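Reading through the structure tokens given below for one structure.
The values are calculated or read from the model by the stated rules, or taken from the named source; none is laboratory data. Nothing here was measured: the structure is a model prediction, and the numbers come from that model. Every residue, glycine among them, receives a Cβ derived from its backbone with ideal geometry; neighbour counts consider all protein chains shown. We work out accessible area using only protein heavy atoms, side chains counted, and drop any ligands, DNA or RNA first. Shrake-Rupley method; radii C 1.70, N 1.55, O 1.52, S 1.80 Å.
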Amino acid sequence: MTDDDPLVNSALDARFRAAHRALRELAPPKTVAVADDAYLPDIIEDLENLARVAQETAAAHVGPTFRWTGPQSTADPWASVILQVDLDSHFDDDPPDVSHVGEWENCALARAGSAYRSECDWDFSPGPAGIWLLFVAPYSSFGSSGQMHLSGTLAGFAILHDRDEDGEYESLAHLWTARAWRRRGVGTSLVRQARERFPVSRVENPATEGGRLLLEACASDLLEQST
């Protein structure tokens, strides 16, 4: 290599390395990444992995971005909403077609589910099944009356299943709230909405300590029927 080699003396070298350092600061402590003084092509190649890890960090802390089409509240357009996503039959979506989330691996539900799995140390993330109730805080919208395209932060979810296949969603399988949204009533709102909309009669084990405390406060009878 010579002094005029673009990979050795790139005009963008300092900026690429600054971006790499910034993304490393958003990654968990044990994340594998190349060293700050690594060869520039290695730094650039590592950016994609660190950007993905940064998205995972954001999903766990504030929640991933969820986009949907539907009506917007006329009373308070930026009030939080609970959306109903039917991943079993797509018939019980509210609003309609909200369950069409595209490629599962890259969708907001999968990112939230992955954050939930990592924090609880489960073996697997929730998959595209059951009815998901999403607590979403809108932050952007455009369109015409009745057909708004909205974006919001998915702050929490509850997942219900019809385990005995009788057509009734009676089992609360998963409940999660992003870290920055805790102690704001997100989990309680999801549990209450689940019970208002469906004949929920039991909670599936295992439950985390935080989840158990929340249920003891807002739905203690469900814990007595847990499986």
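Here is how the numbers come out for the structure above:
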item	result
Residue selected from region 43-64 under the condition of a type outside the set (A, V, I, L, M) and open to solvent by 60 Å² or more (accessible area, probe 1.4 Å), by the criterion farthest from the chain's Cα centre (by Cα)	Glu45
Selection from region 65-87 of residues that are in contact (Cβ under 8 Å) with a residue 60 or more places away in the chain, outside any strand (DSSP E or B) and surrounded by 15 or more Cβ atoms within 10 Å (Cβ to Cβ)	Gln72, Ser80
Identity of the residue in region 23-42, closer than 12 Å to Val53 by Cβ and in a helix (DSSP H, G or I), that ends up most open to solvent (accessible area, probe 1.4 Å)	Glu25
Within region 164-176, considering residues that are surrounded by 15 or more Cβ atoms within 10 Å (Cβ to Cβ) and of a type outside the set (A, V, I, L, M), the one nearest to the chain's Cα centre (by Cα)	Trp176
Leading residue by the ranking (surrounded by the fewest Cβ atoms within 10 Å (Cβ to Cβ)) among those in region 117-159 that are of a type in the set (A, V, I, L, M) and touching a Leu at 6+ places or on another chain (Cβ under 6 Å)	Ala129
Hey, Arg179 touching a His at 6+ places or on another chain (Cβ under 7 Å) and loosely packed, with under 15 Cβ neighbours inside 10 Å or not	yes
Any strands (runs of 3 or more DSSP E) falling wholly within region 120-207 and containing at least 2 residues that are free of Cβ contacts under 8 Å to residues at least 40 places away in the same chain and within 20 Å of Glu105 (Cα to Cα)	147-161
